[in-house]
1. Can you find a residue that is over 15 Å from GLU63 (Cβ atoms), in a helix (DSSP H, G or I) and of a type in the set (Val, Ile, Thr) anywhere in the stretch 1-22?
2. Take the conditions among the hydrophobic types (A, V, I, L, M, F, W, C), in contact with a Gly (Cβ under 9 Å, 6 or more places away or on another chain) and surrounded by 14 or more Cβ atoms within 10 Å (Cβ to Cβ) and apply them to LEU30. Does it pass?
3. Could you grab me the full set of residues in the stretch 27-75 that are in a helix (DSSP H, G or I), within 17 Å of THR13 (Cβ to Cβ), of a type in the set (Ser, Thr, Tyr) and modelled with pLDDT of 95 or more?
4. Step by step: first the residues of the stretch 13-60, then only those that are of a type outside the set (Ser, Thr, Tyr) and touching a residue at least 40 places away in the same chain (Cβ under 8 Å), then the one that is farthest from PRO71 (Cα to Cα). Which residue is that?
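The values are calculated or read from the model by the stated rules, or taken from the named source; none is laboratory data. No experiment lies behind these values; they were computed from the predicted model shown. Neighbour counts run over all protein chains shown; Cβ positions are idealised from the backbone, glycine included.
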Amino acid sequence: MQNQSKDPLHGITLQKILESLVDYYGFDTLGELIPIKCFLSNPSIKSSLTFLRKTDWARKKVEDLYLKSLPKFTE
């Protein structure tokens with residue numbers, strides 16, 4: 001019997017999460033939903049990943065938005 005993680009983000013990288021959100025919302029809307037500088041001022045995947053990897057509270061907001069948005073991605 002295999003133990004499966006109860007974490008819905010298990011196996012999903014931060015890069016995949018961010019790319020999915022940017023593809024769906026774009027940086028402009030993402031910056032409105034989560035008003036952090038890495039989404040508002042010269043946004044890029046690379047700079048956002050660097051910030052999010054160092055800033056737990058911001059990463060949590062991005063992960064929460066991803067989980068709320070999952071049903072929209074499959075529509």
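1. There is no residue in the stretch 1-22 that is over 15 Å from GLU63 (Cβ atoms), in a helix (DSSP H, G or I) and of a type in the set (Val, Ile, Thr).
2. Here the answer is no, as LEU30 does not meet what is asked.
3. Of everything in the stretch 27-75, those that are in a helix (DSSP H, G or I), within 17 Å of THR13 (Cβ to Cβ), of a type in the set (Ser, Thr, Tyr) and modelled with pLDDT of 95 or more turn out to be SER47, SER48, THR50, TYR66.
4. First, the residues of the stretch 13-60 that are of a type outside the set (Ser, Thr, Tyr): 14-19, 21-23, 26-28, 30-40, 42-43, 45-46, 49, 51-54, 56-60.
Filter once more, so that each one left must be touching a residue at least 40 places away in the same chain (Cβ under 8 Å): 14, 17-18, 21, 59.
Details: LEU14: 18, ILE17: 14, LEU18: 16, LEU21: 12, ARG59: 20 Å.
Looking at residues that are of a type outside the set (Ser, Thr, Tyr) and touching a residue at least 40 places away in the same chain (Cβ under 8 Å), I get ARG59.
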